[in-house]
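Let me give you the structure first, and then I'll get to my questions.
Just so you know, all these numbers are worked out from the coordinates, no wet-lab data involved. Being a predicted model, the structure only gives us computed values, none of them experimental. For neighbour counting, all protein chains shown are included, and Cβ atoms are generated from backbone atoms with ideal geometry for every residue, glycine included.
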C-alpha cells in the first residue's frame, strides 16, 4: 500500500512552503509540514515510507498537480 498521492502532495507543498517562507513565518509553515506528516503517520506509514515514495516521477506529478490546482 502506498501513501495517497494527494496526501503526499500536501506534505511536499508544506515542505516547499517552509523552505521558501520568510523567517517570521517559519514556525507557521513548519507546523503545517508536521501536520501533513502526522496525517501520513496516522494512516500507518512511517518516515521511511515517505522517503521511499519520493521519486523523480512523483516530483513531476507533484509539479503538474501544483500547476493544475494553482498552488
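Answer with yes or no whether residue 45 is outside any helix (DSSP H, G or I) and at negative phi.
Values: outside any helix (DSSP H, G or I): yes; at negative phi: yes.
Spelling it out, residue 45 is indeed outside any helix (DSSP H, G or I) and at negative phi.
Every residue in the range 7-25 that is within 9 Å of the chain's Cα centre (by Cα) and in contact (Cβ under 8 Å) with a residue 12 or more places away in the chain, please. Outline the logic, then answer.
Just the residues of the range 7-25 that are within 9 Å of the chain's Cα centre (by Cα), to begin with: 7-16.
If the condition is that a residue be within 9 Å of the chain's Cα centre (by Cα) and in contact (Cβ under 8 Å) with a residue 12 or more places away in the chain, then 7, 8, 9, 10, 11, 12, 13, 14, 15 are the ones that fit.
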